[in-house]
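Engineer: Before I ask anything, here is the structure I am working with.
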Amino acid sequence: MTSRALIEVKNLSVLFPLYHGSSRSLKKMVVAAASGRLAQDQQQRVVVRALTDINVHLESGDRLGLVGSNGAGKTTLLRVLAGIYEPVLGSLRVRGSLNALLDPNLGMNMELTGRENILLRGLYNGLPRSALPRLEEDVAEFAELSDFLDLPVRIYSAGMVVRLGFALATAIKPQILLMDEWFLAGDAVFMEKARMRLEEMVRGADILVLSSHQNEIVRQWCSRVLWLDQGKVLADGPADEVLNRYTGSIPHHPADALV
Amino acid sequence: MSSAVTTIAPPKELHLRADMTIATRNRWAMADLADGMHLWRLAWALGWLDIRLRYRGSMLGPFWLTISTGVMVAALGVLYSTLFKIELKEYLPFLALSQVLWGFLAALVSEACGVFTDAEGVIRSVRMPFFVFSMRGLIRNAIVLGHNIVVIVVVFAIFRMWPHPGSLMALPGLLLWAIDALALTLLLGGFCARFRDIQPIVNSIMQIAFFMTPVIWKPNQLSASGIANLAFNPFYDLLEIVRGPILGSDIAVTTWIGACVYSVALCAISWAFFVRARGRIAFWV
Ligand SMILES: Nc1ncnc2c1ncn2[C@@H]1O[C@H](COP(=O)(O)OP(=O)(O)OP(=O)(O)O)[C@@H](O)[C@H]1O
Ligand SMILES: [Mg+2]
């Protein structure tokens, strides 16, 4: 590792103008509902305020958990940190190699064989040719697909697809690891193995940012928690303290019931 | 532990602000191009993948296109050579070449609209240079062109037209096409992601351009004033700089100048757009 990893978010806001919907009827809706979340920007477009005035500073060793109800802005914040959504207001500074586990099937193609998918992922990540055999070996070993590795993913069972997706996503070791909640799905036997691999990756990363509705996982892996609500930071501090407040504030958290 | 993760992600540094100056935005756009070119192997793999998926399960694969182009050229050739009263020997090689080249241009322009929206899933889950998707569009269409070249070769062989050194002058033209194609995919790809009703408009423009441009008819069938008006058709100049040298006909200097002027204009517009729009494309797709 060359330099120390760093994430610095200053006064960051992200607005989504609603481009492809019918904004005229939406405008009516806004007037009627007068919800704080929809608003208009200078050009009189209807916008969703996904994130408002976020400030975060993370250095090597930090493990941040993101909590909040559905639509609080957790995934959006991870996308901003990954450099996918560029700030609409404020600034973002990220130093260090980064791997964002946002979509379990990123770039995976059902018509390709497992092996071809592995090579394609290597290309997506801009790995040099020399790194590809190692990647292939690692993913093949973990996903345990044996002969299926040379068959199209189209004919895999659902569990096999999950295993391949997971093995691919976790095959590349970053300094900064961003994880959305999807990786917590899967069957029990695989979960145990997956958890071990994830923990190893989490331990290896300098900075972890994890979004989850499973508070126990957040408590276990994170030292600091950011509580988002309606795109705003409601609390930011030591994991136990914020989580206690968070669970206390919403006794029947709908999302917890879903998980 | 056997699941040791050893592949390390390449290091990165990112500093983005909402209020970036045009100079900074310009630097980011240049970085997008440079990083994209660095990922040329990905663009190549994706381009081939598109072709494979389009023809999956079919025995002849992309050669179906060669066959359909061949049949179309043969049918149109016989029909129009009688309509236009041109000898088949003179007309068919012209038509085969024009039809294949135009097919490439038309498909490229039409598919340029979807280069970013088609890659929505990837764009939303990883930061990736947009130029990769532009290159992918170009590569995909170049592969189709490569298959269709068979039609040209067969027709030229039938009429005993052998390659001559002057044909090599088509290469600078093809290079200009590649540059224009990349500029156009960046421009239309972004623009169509933002405004979804552009695609049908582009398709109708290409339809009209097909009839207005000497693709199936020859420029010398026009009156003098008609030929003069061709100078205002960018497709004519661009088509002619590749078609002319292969057919062995002289191309006027003005044709080359026209092609260059139109290309520079396209690149300038495309760049001005991309510099401003790059950071917003992820919101649009
Ligand atoms: N592409 C988009 N266009 C418009 N609005 C969007 C877009 N993406 C997200 N939003 C809005 O931004 C807000 C935050 O969404 P986000 O996906 O970040 O929530 P989340 O905290 O991850 O929720 P969940 O727990 O359900 O995953 C929501 O109101 C959502 O509707
Ligand atoms: Mg989410």
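The values are calculated or read from the model by the stated rules, or taken from the named source; none is laboratory data. Just so we're clear, the structure is a prediction, and the values are computed from it rather than from any experiment. Glycine gets a Cβ as well: all are built from the backbone with ideal geometry, and neighbour counts include every protein chain shown. Remember, those area values only see protein heavy atoms, side chains included, never the ligands or the DNA or RNA. Shrake-Rupley method; radii C 1.70, N 1.55, O 1.52, S 1.80 Å.
Engineer: Considering A:Arg45, A:Arg63, which residue is more than 9 Å from chain B (Cβ to nearest Cβ) and at pLDDT below 90?
Structural biologist: The match here is A:Arg45.
Engineer: Let me ask something else about it. From the list B:Val215, B:Val202, B:Val264, which residue is assigned to a helix (DSSP H, G or I), among the hydrophobic types (A, V, I, L, M, F, W, C) and touching a residue at least 40 places away in the same chain (Cβ under 8 Å)?
Structural biologist: B:Val202
Engineer: Can you tell me which residue among B:Val109, B:Val144, B:Val100, B:Val115 is touching a helix residue (DSSP H, G or I) at 6+ places or on another chain (Cβ under 7 Å), away from chain A (no Cβ under 14 Å), assigned to a loop (DSSP other than H, G, I, E, B) and within 24 Å of B:Val202 (Cβ to Cβ)?
Structural biologist: The unique qualifying residue is B:Val115.
Engineer: Within the group A:Leu119, A:Leu106, which residue is within 12 Å of chain B (Cβ to nearest Cβ), free of Cβ contacts under 8 Å to residues at least 24 places away in the same chain and either touching a His at 6+ places or on another chain (Cβ under 9 Å) or closer than 19 Å to A:Ala167 by Cβ (or both)?
Structural biologist: When all the criteria are applied, what remains is A:Leu119.
Engineer: Still on this structure, please answer the following. What are the residues in the range B:49-76 that are part of a helix (DSSP H, G or I), open to solvent by 90 Å² or more (accessible area, probe 1.4 Å) and within 11 Å of chain A (Cβ to nearest Cβ), if any?
Structural biologist: If the condition is that a residue be part of a helix (DSSP H, G or I), open to solvent by 90 Å² or more (accessible area, probe 1.4 Å) and within 11 Å of chain A (Cβ to nearest Cβ), then B:Arg52, B:Arg54 are the ones that fit.
Engineer: Which condition from (1) at pLDDT 90 or above; (2) over 23 Å from B:Ala43 (Cβ atoms) is the one that A:Val162 breaks?
Structural biologist: Result: A:Val162 passes all but (1).
Engineer: Taking the range B:144-193 only, how many residues are without any contact (Cβ under 8 Å) to a residue 12 or more places away in the chain and among the small types (Gly, Ala, Ser)?
Structural biologist: 2
Here's the yes/no breakdown for (1) open to solvent by less than 20 Å² (accessible area, probe 1.4 Å); (2) under 15 Å from A:Ile7 (Cα atoms):
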{"position": "A:Ile54", "(1), (2)": "yes, yes"}
{"position": "A:Leu64", "(1), (2)": "yes, yes"}
{"position": "A:Val67", "(1), (2)": "yes, no"}
{"position": "A:Arg79", "(1), (2)": "no, yes"}
{"position": "A:Ile84", "(1), (2)": "yes, yes"}
{"position": "A:Leu89", "(1), (2)": "no, no"}
{"position": "A:Asp103", "(1), (2)": "no, no"}
{"position": "A:Asn109", "(1), (2)": "no, no"}
{"position": "A:Arg115", "(1), (2)": "no, no"}
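Engineer: State all residues of the range B:213-222 that are over 19 Å from the mean Cα position of the chain (by Cα) and of a type in the set (A, V, I, L, M, F, W, C); if no residue qualifies, say none.
Structural biologist: Matches in the range B:213-222: B:Ile216, B:Trp217, B:Leu222.
Engineer: Return yes or no: is A:Arg4 within 14 Å of ligand 1 (Cβ to nearest atom), over 29 Å from A:His213 (Cα atoms), open to solvent by 40 Å² or more (accessible area, probe 1.4 Å) and modelled with pLDDT under 90?
Structural biologist: no
Engineer: Might you let me know whether the range A:89-97 holds any residue that is within 16 Å of ligand 1 (Cβ to nearest atom) and either within 29 Å of A:Val209 (Cα to Cα) or modelled with pLDDT of 90 or more (or both)?
Structural biologist: So in the range A:89-97, the residues within 16 Å of ligand 1 (Cβ to nearest atom) come out as A:89, A:92.
Checking which are either within 29 Å of A:Val209 (Cα to Cα) or modelled with pLDDT of 90 or more (or both) leaves us with A:89, A:92.
Yes, some residue in the range A:89-97 is within 16 Å of ligand 1 (Cβ to nearest atom) and either within 29 Å of A:Val209 (Cα to Cα) or modelled with pLDDT of 90 or more (or both).
Engineer: Of all residues in the range A:64-86, which are more than 16 Å from ligand 2 (Cβ to nearest atom) and in contact with a helix residue (DSSP H, G or I) (Cβ under 6 Å, 6 or more places away or on another chain)?
Structural biologist: Across the range A:64-86, the qualifying residue is only A:Glu86.
Engineer: Sticking with this one: Can you go through A:Leu243, A:Leu164, A:Leu178 and tell me which one is in contact with a Gly (Cβ under 6 Å, 6 or more places away or on another chain) and either more than 27 Å from B:Val126 (Cβ to Cβ) or crowded, with 18+ Cβ neighbours inside 10 Å (or both)?
Structural biologist: The conditions single out A:Leu164.
Engineer: Return the only residue of B:Ser270, B:Ser225 being among the hydroxyl-bearing types (Ser, Thr, Tyr) and either open to solvent by 30 Å² or more (accessible area, probe 1.4 Å) or not in a helix (DSSP H, G or I) (or both). Let's see the steps before the verdict.
Structural biologist: Working: B:Ser270 fails: either open to solvent by 30 Å² or more (accessible area, probe 1.4 Å) or not in a helix (DSSP H, G or I) (or both).
Within the list B:Ser270, B:Ser225, the selection yields B:Ser225.
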